[in-house]
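The values are calculated or read from the model by the stated rules, or taken from the named source; none is laboratory data. These numbers were taken from a predicted model, which means no experiment stands behind them. Because the Cβ atoms are built from the backbone with ideal geometry, glycine has one as well, and the counts that use them run over all protein chains shown.
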Amino acid sequence: MAEVYNWHLGRPIAYVYPETHPQKQFAAVFNINRCIGCQTCTGACKATWTFSKGQEYMWWNNVESKPYGSYPKYWDVKILQKLDEAHQAAGKTAQWDPTTGEQAPYGTYNGMTITEAAATLNIGEQALGYLPPDNEWSAPNFYEDTSTKYKGGTLGLSPEGAALPVHQTWFFYLQRICNHCTYPACAAACPRKAIYKRPEDGIVLIDQARCRGYRKCVEQCPYKKSMYRGTTNTSEKCVACYPRVEGNDPLSNGVPMETRCMAVCPGKIRMNGLVEIGEDGTWAKDLQNPLYYMIREEKVALPLYPQFGTEPNIYYIPPRWAPRPYLRQMFGPGVDDAIARYTAPSRTLLALMQLFRATQTMIFRFEIEEGPLVFETEKEGQPWQMYDDTVIGFDAKGREVVRLSVVEPLHELPQERLNSI
Ligand code: SF4
Ligand code: SF4
């Protein structure tokens, strides 16, 4: 085992291959608070990539209703349980040291990752995992819109009513694609070395010519985002719409564009891009890159189950209304700060968030032109101001591709265009 640095966990971790890093990393932010569960992303991905025979149960993008929904069924409960059992067997606890630093933005995880647990238990695998049986792949949206049960109070809600931040009755949508992990468990598991991480953009792909369908990737990806196709005896996974990311799609105008699932989202919850990777393998500081700003500077978006240790590259703005212990288990100890920042966004963050789904073109840089103060209130007992700033997004070639104001412009139709109905 080599030692590599995992900044999500704030410490070096064990991984089968030594430290190598792409020049840029494919990444995205999903704002859970805005998702309407319409599955347009799921349908767009399916219609683009996995519509053929043998791919019937292959949902590279899926949206599950938490806490009960999951695809394949129980994926996160099962791997969390295995990790918990491994800690018990080893007499260890999975605690976070809350002291944060530049390369430990959420603190330091002192528990075992799935790779470290497999080594400690000496199970002869690269990582803890399991192969879901066929029936667990058969219902991609089981428990859709199913909430937790009422726990009393008027109409089953809390005596304070439905005020945020926490509801007694709750569910939320969790949008899932392959995380194009920095330390992919799928690649570590593959005995054929058929899975690789592209040096130019960090996208993780399966070489279909090398794959022999051993399903080790399916077994050891903790997110269960590698899927087996019986008609070809190979495994397949999300390809991050790489022709679009390369700027080779006919629509892309020669510059990187967002993936299909990101670009179609009516809820405008997704922003996709590429971040620069520094010499030491961590993200190079770039406060004008929208993803860097949200993830590293404001820490408003967090990785999914960072404790697995693969350093996933899809980040989530956690839902404001779900119980914090549940969210801390899912997104790590940065949850409370992230929700506080989202609830009372800084002037820059509020303007930046207007860029979600404003264009299909990947935004590499943003600028803000300051506008007037338009609204003042109190949030969480603190004064908060809203400004009608203008945010401008630039593509990979530095060209302006989008310009939006915080206050949506109001256009009044002239009398002769009014609808007579
Ligand atoms: S999410 Fe799973 S399939 Fe995707 S890169 Fe990470 S380990 Fe591999
Ligand atoms: S398309 Fe957007 S809003 Fe609809 S389910 Fe997907 S992520 Fe949510």
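Could you please find all residues in segment 215-233 being in contact with a strand residue (DSSP E or B) (Cβ under 7 Å, 6 or more places away or on another chain), farther than 15 Å from Lys73 by Cα and not hydrophobic (A, V, I, L, M, F, W, C)?
Answer for segment 215-233, where residues must be in contact with a strand residue (DSSP E or B) (Cβ under 7 Å, 6 or more places away or on another chain), farther than 15 Å from Lys73 by Cα and not hydrophobic (A, V, I, L, M, F, W, C): Arg215, Tyr228, Arg229.
Looking at (1) assigned to a helix (DSSP H, G or I); (2) of a type outside the set (Ser, Thr, Tyr); (3) in contact with a Pro (Cβ under 6 Å, 6 or more places away or on another chain); (4) under 30 Å from Leu121 (Cα atoms), find the lone condition where Val77 falls short.
(3)
Give just the number: which of (1) surrounded by fewer than 22 Cβ atoms within 10 Å (Cβ to Cβ); (2) not in a strand (DSSP E or B) does Thr108 not satisfy?
Looking at each condition in turn, Thr108 falls short on (2).
Quick one: is Phe364 at pLDDT 95 or above, within 14 Å of Arg347 (Cβ to Cβ) and surrounded by 11 or more Cβ atoms within 10 Å (Cβ to Cβ)?
no
From Glu219, Glu236, which residue is within 23 Å of Gln39 (Cα to Cα), assigned by TED's automatic domain parsing to the domain that holds Lys73 and acidic (Asp, Glu)?
Numbers: Glu219 fails: within 23 Å of Gln39 (Cα to Cα).
Unique residue meeting the criteria: Glu236.
Would you pick out the residues in segment 8-23 that are surrounded by 19 or more Cβ atoms within 10 Å (Cβ to Cβ) and either more than 16 Å from ligand 1 (Cβ to nearest atom) or at positive phi (or both)?
Gly10, the sole residue that qualifies.
Do we have any residue at all in segment 33-46 that's at pLDDT 95 or above, surrounded by 17 or more Cβ atoms within 10 Å (Cβ to Cβ) and of a type in the set (D, E, K, R)?
Among the residues of segment 33-46, at least one is at pLDDT 95 or above, surrounded by 17 or more Cβ atoms within 10 Å (Cβ to Cβ) and of a type in the set (D, E, K, R), which makes the answer yes.
Filter segment 250-267 for residues that are of a type in the set (Val, Ile, Thr) and in contact with a helix residue (DSSP H, G or I) (Cβ under 8 Å, 6 or more places away or on another chain); which is nearest to ligand 2 (Cβ to nearest atom)?
Val264
With the condition being within 16 Å of ligand 1 (Cβ to nearest atom) and within 30 Å of Gly398 (Cα to Cα), I'd like the strands (runs of 3 or more DSSP E) fully within segment 190-309 carrying at least 1 qualifying residues.
195-197, 204-206, 270-276
Here is a yes/no grid of residues against (1) surrounded by fewer than 18 Cβ atoms within 10 Å (Cβ to Cβ); (2) aromatic (Phe, Trp, Tyr):
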{"position": "Glu258", "(1), (2)": "no, no"}
{"position": "Lys268", "(1), (2)": "yes, no"}
{"position": "Asn272", "(1), (2)": "no, no"}
{"position": "Ala284", "(1), (2)": "yes, no"}
{"position": "Asn289", "(1), (2)": "no, no"}
{"position": "Leu302", "(1), (2)": "no, no"}
{"position": "Gln307", "(1), (2)": "no, no"}
{"position": "Tyr315", "(1), (2)": "no, yes"}
{"position": "Phe331", "(1), (2)": "no, yes"}
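Which of the residues belonging to segment 1-16 are assigned to a loop (DSSP other than H, G, I, E, B) and modelled with pLDDT of 95 or more?
Here is the first cut: in segment 1-16, the ones assigned to a loop (DSSP other than H, G, I, E, B) are 1, 7-10, 16.
Trp7, His8, Leu9, Gly10 - these are the residues of segment 1-16 that are assigned to a loop (DSSP other than H, G, I, E, B) and modelled with pLDDT of 95 or more.
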